[in-house]
Amino acid sequence: MTATPSTRTDTSPPAAPSVPPHSPADRQDRIAARTRERHTAVHALLEQGQGLREIARLLSLGRNTVRRFARVTSPEDLLVHNGTGRRPKNLEIHDSYLRKRWAEGCTNAELLHQELQALGYRGGSATVRQYVRPWRDGTPPAPTSTRPPTVRQATGWFLRNPAHLDPDEHRQLQALTAACPQLAALQLHVRQFAEMMTHRHGHNLETWMNAVLGDDLPELHSFVTGLRRDQDAVTAGLTLPYSSGPVEGHVNRTKMLKRQMYGRANLDLLRKRMLLSH
């Protein structure tokens, strides 16, 4: 006589799955904190009489983003999504039915999916399986894998203004530089060079280059070698208020017109268009 497999007889209701808070005021995640900070900053500048264009420039935000923050009186009006950035799934309307069937001993996600389809559910079985996974006894939580930052992300953190980094980016950048002394030295030299460019402190160029050569940073050493080839011009560019930007703009516009006219007209018409475009 063969033994029949035992069925689950525990009728105690499963623990509630971990879902994000439904009330926007209860959200404390990174996106919610950033939304509240930006809302406060935008409305503070609006009270000072600043326009949307100027606010977007000061906060390094898009004009549409600033307009969206300016239209609402409370940041909670913008936090209408759940913690994942998506609206609640339509599976949540069947939560009571799933809990009832689970308490009755039906723990087969595929069977539950078939029953939900009869009730009008149009999602997939994988969604049902993921929804009931926290209810299973003895199931360890899924490990949270912390992916290291990509080269593009790290480069952006080094080159951007530190004031424009959000708290999470600050935290990751600090962890990155703490783990690698060479990256910490690189961050210091990059920010010092940015200070020379933005504040026209060209007289500090020689001191900066000597400090770079004193660290084990071969890539920056080659950069310093290039600067020394024409150091007088570089120093003037970092000191004087003059720029070749307007000339480069005219050259770029001329090349654009030439490409547009290629194969379409003769030199006389191209010359007229060049003159009229000034």
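The values are calculated or read from the model by the stated rules, or taken from the named source; none is laboratory data. In this text, all values refer to a predicted model and were calculated from it rather than measured experimentally. Counting neighbours? That spans all protein chains shown, and the Cβs are built from the backbone with ideal geometry, glycine included. Keep in mind that these areas ignore ligands, DNA and RNA; they rest on the heavy atoms of the full protein, side chains included. Shrake-Rupley method; radii C 1.70, N 1.55, O 1.52, S 1.80 Å.
Below is a table of values for the structure above.
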{"quantity": "Check: the stretch 161-209 dipole with +1 on Lys, Arg Cβ and -1 on Asp, Glu Cβ, in debye", "calculated": "100 debye"}
{"quantity": "Pairs of alpha carbons in the stretch 133-278 whose separation is greater than 18 Å (percent)", "calculated": "72 percent"}
{"quantity": "Surface accessible to a 1.4 Å probe, per residue, for the residues of the stretch 214-278, Å²", "calculated": "82 Å²"}
{"quantity": "Extension reserve of the Arg136-Ser74 stretch, reckoned as 0.36 nm per residue once the Cα distance is removed", "calculated": "18.4 nm"}
{"quantity": "Sulfur and carbon atoms: percent of accessible area, the stretch 106-241 [1.4 Å]", "calculated": "56 percent"}
{"quantity": "Fully extended contour minus Cα-Cα distance, from Arg271 to Arg152, at 0.36 nm per residue", "calculated": "38.5 nm"}
{"quantity": "Contour minus Cα-Cα distance for Arg264 and His43 (0.36 nm per residue)", "calculated": "74.3 nm"}
